[in-house]
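Right, one structure below, let's go through it.
Bear in mind these aren't lab numbers, they're just calculated from the coordinates by the rules spelled out. For clarity, every value in this text was computed on a predicted model and none was experimentally measured. Backbone-built Cβ (ideal geometry, glycine too); neighbour counts: all protein chains shown.
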Amino acid sequence: MTKNKKSFSIIFIGAGRVAGHLSRALHDAGHRIIQVISRTEESARSLADVFGCAWGTDIEQLRHDSDLIVFSVRDDALQALIARMDAGETPVVHTGGSIPMRAFEGKARNYGVFYPLQTFSKGRTPDIRKIPMCIEANTPGNEEMLLALARQISDVVLRVDSTQRLTLHLAAIMVNNFGNHLLALAQEILQKDHLPFDLLHPLIEETVAKAFDLGPGKAQTGPAVRNDEIVIKKHLDLLSWSPEIQRVYQVLTESIRHRTAKIK
């Protein structure tokens, strides 16, 4: 990798949410997106049209004149695509949280990981400069190039090895996917009694603010912390219509009790 190069020509393998946000950010930073390859013609063409670049639906259509190839695909599809890749000397990276960097071993000479620690959804554009970019590479030179590239789009750039990245990914699932699922369950509970979800907005905002200010452990409150059996039983009785949500409530209550006892 040439770490002092000012502008890269970049190919994206994948055209989903992560690929869409990263490709736009890199384009806005002065780099050229020269090809998009995706499983479906619609998604490949749609993202390629943003940059006026070539597109394809098979990795065998991969161009060989780029400075960087970015794999931004589902974890369960990555290994099969890498096996069919012929990158030569071209640097390749993936953007996954749970796939080790060694997935490229034997298939590329210059490789690494370019992992944005954020959730991406259609219709929302997060401030990419606030998104932590986690970098790993197979040589010091490759690492310096990826660090420099990441700093062009983010103010939070750090070296993270494959083991640390998997830990980060697990923690991210807890706060994002599991946290959002609890919000969805809360919304379902409210709908049973025709109550609007936005009544919880101030509470959700304060919960997150306290977790940031005090730390999640010190910010924990509620009947589980107080060992208030009367309230807990009332809640479980109220959830009799959904044994599934009852189980979630019970598991979390016991976990809070256990963690609170350890802190005390």
For Glu144, Glu89, ascending order of other Cβ atoms within 10 Å (fewest first) is Glu89, Glu144
What length, rounded to one decimal in nm, is gained on full extension from Thr40 through to Leu238, with 0.36 nm per residue of separation minus their alpha-carbon distance? 66.6 nm
Just to verify a number: FRET efficiency for Leu195 and Arg84, C-beta to C-beta distance, R0 = 41 Å, to 0.05? 0.20
If the viscosity is 1.306 mPa s and the temperature 10 °C, what Stokes-Einstein diffusion coefficient in µm²/s follows for region 9-160 when Rh is the Kirkwood radius over Cα pairs? 104 µm²/s
Spin-label pair Arg129/Thr163, simplified geometry with 7 Å Cα→Cβ offset, distance in nm: 3.6 nm
So for R0 = 25 Å, FRET eff. of Asp155-Ser7 from the Cβ-Cβ r, to 0.05, ends up at 0.75
Of Lys130/Lys210; Lys6/Lys122; Lys122/Lys218; Lys210/Lys262, those spanning more than 25 Å from alpha-carbon to alpha-carbon: Lys6/Lys122; Lys122/Lys218
Going fewest to most other Cβ atoms within 10 Å around each Cβ, Ser121, Ser43, Ser72 line up as Ser121, Ser43, Ser72
Using a Förster distance of 22 angstrom, determine the FRET efficiency expected from the C-beta separation of Glu105 and Met174, and round it to 0.05. 0.15
Dividing the alpha-carbon radius of gyration of region 166-263 by 2.2 N^0.38 Å, where N counts its residues, gives 1.14
Note the per residue figure in Å³ for the convex hull of the C-alpha positions in region 1-55. 73 Å³
Which distance in nm do the two modelled labels at Gln61 and Ala29 give, with both placed 7 Å along the Cα-to-Cβ direction? 2.7 nm
What ranking of Val160, Val50 emerges when the number of other C-beta atoms within 10 Å of each C-beta is taken as an exposure proxy, fewest first? Val50, Val160
Rounded to one decimal in Å, the inverse mean reciprocal Cα-Cα distance for the chain, i.e. its Kirkwood radius, is 21.1 Å
